Structure formats: structure tokens, C-alpha cells
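Participant: Okay, here's the structure, questions in a sec.
The values are calculated or read from the model by the stated rules, or taken from the named source; none is laboratory data. Owing to the predicted nature of the structure, the values given are computational and were not obtained by experimental measurement. Here the Cβ is made from the backbone with ideal geometry for all residues, glycine too, and neighbour counts use every protein chain on show. Keep in mind that these areas ignore ligands, DNA and RNA; they rest on the heavy atoms of the full protein, side chains included. Shrake-Rupley method; radii C 1.70, N 1.55, O 1.52, S 1.80 Å.
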Amino acid sequence: MSRSEDHELVARVVSAQDTDAFGELIRRHQSHVRNFLRKLCGDMSMADDLAQDSFMRAWDKLHTYSGSGSFIGWMLKIAYTTFLQSRRKSKRYAEILEQAGHDTDMESRTRTTQADEVGDLDKFLAVLSEEERAIMVMSYACGLSHREISDATAMPVGSVKSVIFRGKEKIRTSFDIKDHQHG
Amino acid sequence: MTSKIINMAERMKDEQDRLLESMFESTPIADNGFSSKIVSRIRRKLWMRRITLPAAVLLGGVIAYQPLVALLKGTYQLFVSLPGDLVPSLSDSLPSMQLIVTGALILAVTLISLNMLED
């Protein structure tokens, strides 16, 4: 998946609103974007909805892509923003329900079902904060450089490094706890 | 001694990184119509954007047609009722008002269609 091919496709989309070229860009990167969001959300269908929204936003904002970083880095930035916005909306929704005195049984039931289905990685991701999770996934699952993660999250490179270090520490500690428990 | 410790630390770090990479590794997700779904959403959006302005102009034209004709008719009659020596032969040279309004509407629709074709 070469950068120059991505840039060529982006140029075709921006100059001629070529939907076929954009379709090709989606085909090339959808797996990374969907995996990233699935690891953040822990909910496959929600992640896929967010991925669709992210690509729709990317279509609208493609003229702002400077081409200095990788396209996937830029795309994950949009996906991460979409995720954060949806998280904020659902928090607000839960607050409104709570204020209205509604029972959130349904939500807790869904959460329990999901918790039963989670794999090992999800258990490790669960010990991380939202920010740490996003950065760790960008780094280890998507292979983004610290600079690219810094661009995607609008954080200084030094902070990205320290978040990764903290995340690694947390996961290592979780491993140790697990070893003690089973040993 | 110190360099040995540093090398060991780096090797340990690498091992941990490799472990994390293998943990985070995920199987590629098949497209299965995902991209074509988004592309068709975009095409629909583009089509809607292109059709909205001409549709609004057409609708506005249809709604405004009768009041506009009445207004122009009134203005025309005002001109016609003026004394002949004040506006000499004006009434003879003016085309019918309905023709003017229809012509203006056709011109507007043609310009918009040309603009759309250019896009």
C-alpha cells in the first residue's frame, strides 16, 4: 500500500470529485479504520457505523489533507474525532435519561453481554483509559509512528511517548496480576 | 557493564513491543460491500446537492409566476395608459408580458443547467 498511490487517488478525488477513486481509498484502508474503531468501542456494529461516518467526513474534508503525513494517519485522526464526538453524545444521552429517571437496564444488560464475549486483548484494553487505548491501538495495531499519532491526537510527541509508556506499564502489571492469580 | 545493561534493557523493550504487537495484531476485515455502501451514499449526496438548487429555482418560478405576471401586466398597462406623446410608440414595440416572464424563466433554467453540466 504505497503512499504515492494514496496521494494520486486523493488528487483525483479533490480535483474531479472522483467517487471511484475515493472507493479505492476506502477499500485500501477500511480494515485499519474498522479494526481501530472496533478496539476502541468494543462493539462491532457501532464501530462500523462510526467508520462509515468517518469516511463520509473524510470525503467532505479531503481538500484539507496536505499530503505531508500518511493518508491512514489522517484518516485515523478523523475516526478518532468521530469516536470522541459519538462518545460525548452518548454520555449526554445517558445523562438526560438519568435526569428523566429512566432505568438504564437495557444498557447495562448490553454491557454485560459484551463483557462476556470479550477476548484477551479486550481485557487488557479495559485497563487502559480511553486516550491510552486509542494511542496504543494506533501504535501497535495500526503501526503509526509517534509523529503520526501526535498529528492524529493533537498531542505533543513527548506526551504520546509517555502515554505509550504508561499503557505498557499498565498492561504489564495486568499480566503480572494474571500470572499470580493463575500461578 | 553499563552498555550491557542498556543493551539488555533495549532487548527487553523490543520483546515487550513485539509481544504487544502480536497482542494487538488483528485479522484484516473483508470489505464485503462496505466501500460500495459509502460510495453510493456519497453519490446520492452529490446528486441531491446538484438537484437542490435547480429544483428550488423551478419551484420558486412556479410559485412566483402568476404574481410576477400580474405585476408586470400592471406596469405594462401603466405604461400603455400614459399619453401617447409622452411615450411615443412604446406600446407598439413592447412584447407581451407573459412572453417576457416565460423567456426570463427559460433563460434562468438554461443557465443553471449549463452550470450543472460544467460541474
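Participant: Quick one: if you take sqrt(5λ) for each eigenvalue of the C-alpha gyration tensor of region A:3-174, what semi-axes come out, biggest first, whole angstrom?
Facilitator: Computed over region A:3-174, the values are 30, 21, 14 Å.
Participant: Next up: Under 1.5 on a/c is rounded, so check that first for region A:15-83, then, if it is not, pick prolate when a/b is larger than b/c and oblate when it is not; a ≥ b ≥ c are the square roots of the alpha carbon gyration tensor eigenvalues. Walk me through the numbers before you get to the answer.
Facilitator: On the way: a/c = 2.02, a/b = 1.65, b/c = 1.22.
Prolate, because a/c is 1.5 or more and a/b exceeds b/c.
Participant: Going from most exposed to least, what order do A:8, A:95, A:132 have by accessible area with a 1.4 Å probe?
Facilitator: Result of the area sort, largest leading: A:8, A:95, A:132.
Participant: Mind checking the dipole of region A:3-174: about its Cα centre, +1 per Lys or Arg Cβ, -1 per Asp or Glu Cβ, Debye to the nearest 20?
Facilitator: 580 debye
Participant: Just counting partner chain Cβ atoms within 10 Å, what average do the residues of peptide A:167-173 show around their Cβ?
Facilitator: Mean partner shielding for this stretch: 2.
Participant: Another question about this same structure. With all protein chains present and a 1.4 Å probe, how do B:76, A:93 order by accessible area, largest first?
Facilitator: From most exposed to least exposed: A:93, B:76.
Participant: To the nearest 10 square angstrom, what accessible area does residue B:57 show with a 1.4 Å probe?
Facilitator: 50 Å²
Participant: Here's another thing I want to ask about it. Chains B and A: how much accessible area gets covered up at their contact, both sides added, probe 1.4 Å, in Å² to the nearest hundred?
Facilitator: Accessible area lost upon association: around 2700 Å².
Participant: Same structure, new question: Too long at a 26 Å Cα-Cα cut-off: which of A:89/B:45; A:161/B:37; A:77/A:123; A:77/A:170; A:77/B:45?
Facilitator: A:161/B:37
Participant: With every protein chain present, what accessible area does residue B:62 have (1.4 Å probe, heavy atoms only), rounded to the nearest 10 Å²?
Facilitator: 110 Å²
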